[in-house]
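A short worksheet on the structure shown next.
The values are calculated or read from the model by the stated rules, or taken from the named source; none is laboratory data. The structure displayed is predicted, hence computed values, not measured ones. Glycine gets a Cβ as well: all are built from the backbone with ideal geometry, and neighbour counts include every protein chain shown. The protein model used for the area step is the full one, side chains on, heavy atoms only, and it has no ligands, DNA or RNA in it. Shrake-Rupley method; radii C 1.70, N 1.55, O 1.52, S 1.80 Å.
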Amino acid sequence: MKQLSAQVRWEHRTQRPLLGLAVAFAVAYAVPIVRPDASRDVVAVCSAVEWVVWGAFAVDYAVRLALAERRRLFVRTHWLDLCAVLLPLVQPLRLLRLVSTLLLVGQRARLASQIRLTTYVAGSVVGLLMFGSLAVLSVERDSPDGNIRTLGDAVWWSFTTMTTVGYGDHAPTTGLGRVLAVGLMLSGIALLGVVTANIAAWFIARFEKDDVEERRQTEAIETLTREVRALRAEVAALRPAPAAERQPDHG
């Protein structure tokens, strides 16, 4: 139990610092894409920040694994974290670092009890929209047949793709761009399902609450009715008999 408590304490203590590092990762990832004319030193610093942030999440996973009471169970239940940690080591692409860091941030964000579902969904939508736009712009801007050339085009494409509208005025032409499109579409459908389920759960809980209140009022009315009947019976028993019904006194 002490090891499990230590794991929980570690998760609570590192929650905010890791989310702060995620913000630093977002800035470092966005700068070279938004400013393609940035100097080599700036690009090198941004790349170093990305690797440092990913390394921090990798260390966080290793520490949580070491503090876990049942490590095999931890690995089985946190397999997505492990895949996100190992993903950039397979092939160190910036896109893989982006995907792995997003997965790790999402997994750690779910552990925070103070983060409500609405906040988590809203943050996921904004994060996917922003990173999807940056990612597709980075792989499509230099494509000869590409039509996503500016950040505005990328944001518009990401928004229409996440909502599964797909106007078709902008579309990826590279393999990585199409992979990103599939990921955004699936993510948009998943988030829409979460929102729909949350709204349905709220209505069901509301209806159940109304049903409970209605049953409580009905039971109260029935209880009052029984009490009134009992009081009437007692009053009738205490009431004196009419004179005509009394027996004459022959004594």
Requested in this report: Return the FRET efficiency for the residue pair R35, N198: r is the Cβ-Cβ distance, R0 is 45 Å, and the value is rounded to the nearest 0.05.
Outcome: 0.75
Report summary line: Cα extents of region 129-174 along the principal axes, largest first, in whole Å, come to 27, 20, 16
Query - Area accessible to solvent at D153, 1.4 Å probe radius, in Å² - result: 40
Requested in this report: Express in Å², to the nearest 10, the accessible area of I199 obtained by rolling a 1.4 Å probe over the protein heavy atoms while all chains stay in place.
Outcome: 90
**Report entry** W156 - accessible surface, heavy atoms, 1.4 Å probe, Å² rounded to 10
**Finding:** 100
Query - Inter-part distance where region 1-58 and region 173-210 are each reduced to a Cα centre, Å - result: 27
Report summary line: Between R70 and I221, Cβ-based FRET efficiency (R0 45 Å, step 0.05) works out to 0.25
Query raised in the report: Can you list the residues, at least 5 places off or on another chain, whose amide H is less than 5 Å from the amide H of E69, using H built in the peptide plane?
Result: L4
Query raised in the report: If contacts are Cα pairs under 8 angstrom and at least 6 residues apart, what is the relative contact order of region 145-204 in percent?
Result: 35
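Between T150 and L186, what FRET efficiency follows from the Cβ-Cβ distance if R0 is 35 Å, with the result rounded to 0.05?
Working: r = 25 Å, r/R0 = 0.73.
Computed FRET efficiency for T150 and L186 comes out at 0.85.
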